[in-house]
């Protein structure tokens, strides 16, 4: 949201994406609030990610990248680098998604997650733990994705059960 002294003006999605893309292209570190469950449990809705543009040819499997696909910005793990007619493309996949995303070219790549903040605590995605976790997610694919998908379903069922038992205002 952009504010001036008297009024508040909420940006539309396209305006926000355009500004975000310009900032990332200029090398600025940009903060985004994440939504969705495709990277659960590593990333969660409400987490705040710091994203920075890394050169496309320097991306490595395991990194979490931000890219545009079908008009949406997604943050998924890079799982494979492919070359078609000597042109580099990448394949990404959410940690709790069973199928990889469509091929991503340099034009759709926006940046790489550098840190994630949850409940006031900042975690570097360049730490030893994060790199080890990323390596496991890529190397053991698709087993972790199946396991994470089961966790997402169990979480959803437990929330429904809590609503049934305790009513609409049940704790999460």
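Every number in this text was worked out from the coordinates using simple rules, so none of it is lab data. The structure presented is a predicted model; accordingly, all values stated were derived computationally and were not measured. With ideal geometry, Cβ positions are generated from the backbone for all residues, glycine too; neighbour counts draw on all protein chains shown.
Brief remarks follow.
- For region 75-166, the relative contact order is 22 percent, taking Cα pairs closer than 8 Å that sit 6 or more residues apart in sequence and dividing their mean separation by the residue count.
- Computing FRET efficiency as 1/(1 + (r/R0)^6) for residue 82 and residue 153, where r is the C-beta to C-beta distance and R0 is 25 Å, gives about 0.25.
- Spin-label model, residue 23 to residue 35: label points 7 Å out along the Cα-to-beta-carbon direction sit 1.7 nm apart.
- In nm, spacing of pseudo-spin labels at residue 126 and residue 56 (7 Å Cα→C-beta vector): 2.3
- Among 48-61, 122-135, the order from most to least packed when residues are scored by Cβ within 10 Å on average: 48-61, 122-135
- Recomputing P(r) over Cα pairs in 10 Å bins from 0, in percent from the coordinates shown identifies the correct label among [x] 9, 20, 30, 29, 11, 1; [y] 9, 38, 39, 12, 0; [z] 9, 33, 34, 18, 6, 1 as [z].
- Per-residue Cβ neighbour rank within 10 angstrom, fewest leading, 137, 39: 137, 39
- Placing pseudo-labels 7 Å out from each Cα toward the beta carbon at residue 45 and residue 70 gives an inter-label distance of 1.8 nm.
- Per-residue Cβ neighbour counts within 10 Å put 95, 21 in the sequence 21, 95, beginning with the fewest.
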